[in-house]
Amino acid sequence: MPLTTITMDPIRREEMGYATSMFNLLRNLGGSIGIAVATTYLYRRQQYHRVLLGANVTPYNPTAQGVINNIQSALMARGSDAVQALQQALHPPEERESTE
């Protein structure tokens, strides 16, 4: 509100309709551009981190093997058999949904 008041204060009353229209247009346009830039940045960082994880988290990595074994054990404790639990540990639900 203070920004709008400061921006519109020097505008004459007969030009106020045009000025408010232009102000709202630029505000909406700036917001749209800002959202697009932020979304693009977040998506690219997500891609970067996914590549980084994919290069370092392999079935041969001892740390990754430990995590997979822990997830498999937890799934088996909830009733899955060993093969199904391993598949679920290797392919989380979000990944399975996007490939089906």
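Only the coordinates and a few stated rules stand behind these numbers; no lab work does. Computed from a predicted structure; not experimentally measured. Positions of Cβ are generated from backbone atoms using ideal geometry, with glycine treated the same way; all protein chains shown enter the neighbour counts.
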Measuring from the lowest to the highest alpha carbon on each principal axis, how far does the chain reach, largest first, in angstroms? 77, 29, 26
Taking the Cα centre of the chain as the origin, how large is its charge dipole in debye, to the nearest 20, when only Lys and Arg (+1) and Asp and Glu (-1) carry charge on their Cβ atoms? 240 debye
Could you tell me which helices of the chain pass both thresholds, a Cα extent of 18 Å or more along their own axis and a mean Kyte-Doolittle hydropathy of at least -1.0, with helices taken as whole DSSP H runs? 16-56, 62-77
Leu52 to Ala74: extension gain in nm, 0.36 nm per residue of separation minus the Cα-Cα distance? 5.3 nm
Just from its helices, what would the mean residue ellipticity at 222 nm be for the chain, if runs of 4 or more DSSP H residues each count -39500 (n - 2.57) and the sum is divided by every residue, rounded to the nearest 500 deg cm²/dmol? -26500 deg cm²/dmol
Sparse-neighbourhood loop hits (trypsin sites (Lys or Arg not before Pro), the range 16-100; DSSP loop; Cβ within 10 Å at most 16 others) -> Arg78
Positive dipole terminus of the chain, leading residue within Ala74, Ala38, Pro59 (C-beta point charges): Ala38
Provide, as a two-decimal number, the C-alpha radius of gyration of the range 25-82 over 2.2 N^0.38 Å, N being how many residues it has. 1.96
Under the Debye formula (equal points on every Cα, no solvent term), log10 I(q)/I(0) of the range 14-56 at q = 0.17, 0.21, 0.28 Å⁻¹: -0.60, -0.71, -0.87
Distance histogram for the range 53-96 (every C-alpha pair counted, 10 angstrom bins, percent rounded to whole numbers): 29, 54, 17, 0
